[in-house]
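The values are calculated or read from the model by the stated rules, or taken from the named source; none is laboratory data. Since this is a predicted model, take the numbers as computed values, not measurements. In this analysis, Cβ positions are derived from the backbone assuming ideal geometry, glycine residues included, and neighbour counts consider all displayed protein chains.
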């Protein structure tokens, strides 16, 4: 197994803030809008350096999306920022009508996604956002894994013409990807080549998948780990190439079991190469208050859960071979 190490932990929202600031310095068309959460979204550095290109909308998320859509008509590239729950669930109608249907060049940037929002509780933790956004025609959906990849993704989406949903989080997580990486929308990243089971992970679960890979290796299981940072458009070729080699798969995400990465992969496999697929995700449940660590454990989003899912997928693969 290829070994991954890290020397620091950072929150992915800070990667977004750093990427936005760099964009501000290199692309004069980039503007930023925030719904009263400038510090939480790490947009304060952009605001300080480019006050004439920053718009504090207040607690009026629907207005923010409408304003951003209008700005694109004049050639601006607006980046909107608020919590993931308010970025999607609260303003889905405005996103659908004013952004997706109209194919506006708006970048919807959403922090504090998933249950790792923690102590703020279920009303602020959204676990349905990936499903909601990937169903919208033309919407790109990106969920990077660490600080460096979030910064790179933020910079990359400014070059993509069309609506984008960029999802990131509040807790500090290991920084293990290359600081100088070039982010390619829709291109999965191979982290460890294996032959026994494919593990497709996204966001905070990518590091958990690498931890699971080490445990599986100690059990004599050679897992392939792939970082699916872009859920839509999904890198179908990478998915099929891997599963055709291993014969079974696991999806791992900090999202509902319905509508997210797992269902996207299941769609591809069912149409092209039916194979056992196990999900690691929140099982049709809302979250609750607690520390991110407590919630990840309670809702089954730890490395050990990925290990169990991989073992279940392998067992199903062996059963299918014995029946053929």
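When the test is whether a residue is in contact with a strand residue (DSSP E or B) (Cβ under 6 Å, 6 or more places away or on another chain), at negative phi and in contact (Cβ under 8 Å) with a residue 60 or more places away in the chain, residue 314 passes it.
A single entry from 304, 224, 288, 236 fulfils the requirement of being surrounded by fewer than 18 Cβ atoms within 10 Å (Cβ to Cβ), over 20 Å from residue 117 (Cα atoms) and over 19 Å from the mean Cα position of the chain (by Cα): 304.
Scanning region 1-59 for residues that are in contact with a strand residue (DSSP E or B) (Cβ under 9 Å, 6 or more places away or on another chain), over 16 Å from residue 83 (Cβ atoms), modelled with pLDDT of 95 or more and assigned to a loop (DSSP other than H, G, I, E, B) returns 8, 27, 29, 50. With the structure loaded, tell me whether residue 229 is surrounded by fewer than 16 Cβ atoms within 10 Å (Cβ to Cβ), touching a helix residue (DSSP H, G or I) at 6+ places or on another chain (Cβ under 9 Å) and within 22 Å of residue 132 (Cα to Cα) or whether it fails that test. Criteria not met by residue 229.
Within region 62-69, not a single residue is within 30 Å of residue 189 (Cα to Cα) and crowded, with 22+ Cβ neighbours inside 10 Å.
Yes/no per residue for (1) surrounded by 23 or more Cβ atoms within 10 Å (Cβ to Cβ); (2) out of contact with any helix residue (DSSP H, G or I) (no Cβ under 9 Å at 6 or more places or on another chain); (3) farther than 21 Å from residue 279 by Cβ:
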residue	(1), (2), (3)
142	yes, no, no
146	yes, no, yes
149	yes, no, yes
153	yes, no, yes
159	no, yes, yes
168	yes, no, yes
176	no, no, yes
185	no, no, yes
188	no, no, no
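Of the strands (runs of 3 or more DSSP E) lying entirely inside region 107-206, those containing at least 2 residues that are within 21 Å of residue 306 (Cβ to Cβ) are 172-174, 189-192, 197-201. Among the residues of region 23-41, those identified as in contact (Cβ under 8 Å) with a residue 60 or more places away in the chain and crowded, with 16+ Cβ neighbours inside 10 Å are 23, 30, 37, 40, 41.
Reported count of residues in region 73-96, each being assigned to a helix (DSSP H, G or I) and in contact with a helix residue (DSSP H, G or I) (Cβ under 9 Å, 6 or more places away or on another chain), is 9.
Residue 275 falls short on exactly one of the conditions (1) surrounded by 19 or more Cβ atoms within 10 Å (Cβ to Cβ); (2) part of a strand (DSSP E or B), and that condition is (2). Assess whether residue 270 counts as being under 13 Å from residue 202 (Cα atoms) and not in a loop (DSSP other than H, G, I, E, B). Answer is no for this residue.
Residue 164 falls short of the stated requirement of being touching a strand residue (DSSP E or B) at 6+ places or on another chain (Cβ under 6 Å), surrounded by fewer than 19 Cβ atoms within 10 Å (Cβ to Cβ) and either touching a residue at least 60 places away in the same chain (Cβ under 8 Å) or under 19 Å from residue 69 (Cα atoms) (or both). Just one of the listed residues (3, 9) is free of Cβ contacts under 8 Å to residues at least 12 places away in the same chain, surrounded by fewer than 23 Cβ atoms within 10 Å (Cβ to Cβ) and over 15 Å from residue 153 (Cα atoms), namely 3.
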